[in-house]
Amino acid sequence: MQDYAFRRLREEPVLLNLLNYWERKRADKEIPDRRDIDPTEMPPFLLPHLSLIEICEDDRLKLRLVGTEIVRQHGRDNTGKFVDEYLKGEYLTYLTTLYLELRTQRLPILTESVFRHPGTHLETTRLLLPLTLGGADVRIALMGQVFRYPDGGAKAPIAHPLDAGALEILNQITLDREPDGAAQPAAPAIRAE
């Protein structure tokens, strides 16, 4: 699965560049801190695809920042909201479990899923990267998300609620580190046009 995950990252310049940025910020630490992340140092094409999600003490998730492409695809800006304010059911459970696993595993996670609604088949790939918040615990996730319409359909935002039960999880892969603690090598940074 690791080979597949890194192959998929190489196919997604946004996510690969985000992982490379996170690795640079990690430097000799296990996990970078939120204060290490500076959007002005990132390639501009990354920013619309990024979110910062706080993993709160009570296991609730709060969106601190949501990029413009994610807002466009979801049809609303949820910045400042708790995820359980606008999601429910299996999708909320899936996302909560994913971020709690990120907190526990302390390693990047790559996920692939498909939103299936009448007239819409939208694939999405997420890269979740752990961040600390002035301590040792993972309290923030830096998330990159890209969207694909495999059938060449319209690039309109999702017109149905995300928790309408039409999400199919394709893959969820925790990216391992090699024994020396370094992440497995990613390809050189790729610039998206």
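Distance between the 7 Å Cα→Cβ label points at residue 30 and residue 68: 3.8 nm.
Using the Cβ of residue 109 as centre and a radius below 10 Å, the other residues enclosed give a net charge of 0, where K and R count +1 and D and E count -1. Using a Debye calculation, one point per C-alpha and no hydration shell, please list log10 I(q)/I(0) for region 1-86 at q = 0.19, 0.22, 0.25 Å⁻¹ in order. Per q value, in the given order, log10 I(q)/I(0) is -1.06, -1.22, -1.24. Put a dot 7 Å past the Cα of residue 7, heading toward its Cβ, do the same for residue 42, and the two dots end up 2.8 nm apart.
Backbone phi angles across region 19-30, fed through the Karplus curve with coefficients 6.51, -1.76 and 1.60 (θ = phi - 60°), yield HN-Hα couplings of 4, 4, 4, 4, 5, 4, 6, 5, 6, 9, 8, 5 Hz in residue order; Gly and Pro are listed as x. Report note on the peptides 83-91, 7-15, 34-42: ranked by the mean count of other C-beta atoms within 10 Å, highest first, their order is 7-15, 83-91, 34-42.
Ordering 170, 18 by the number of other Cβ atoms within 10 Å of each residue's own Cβ, fewest first, gives 170, 18.
Pairs of Cα atoms under 8 Å, at least six residues apart: use those to get the relative contact order of region 1-123, whole percent. Answer for region 1-123 is 15 percent. Per residue, the convex hull spanned by the Cα atoms of region 2-174 measures out at 114 cubic angstrom.
Bear in mind these aren't lab numbers, they're just calculated from the coordinates by the rules spelled out. Here the structure is a predicted model, which is why all the values come from computation and not from measurement. Backbone-built Cβ (ideal geometry, glycine too); neighbour counts: all protein chains shown.
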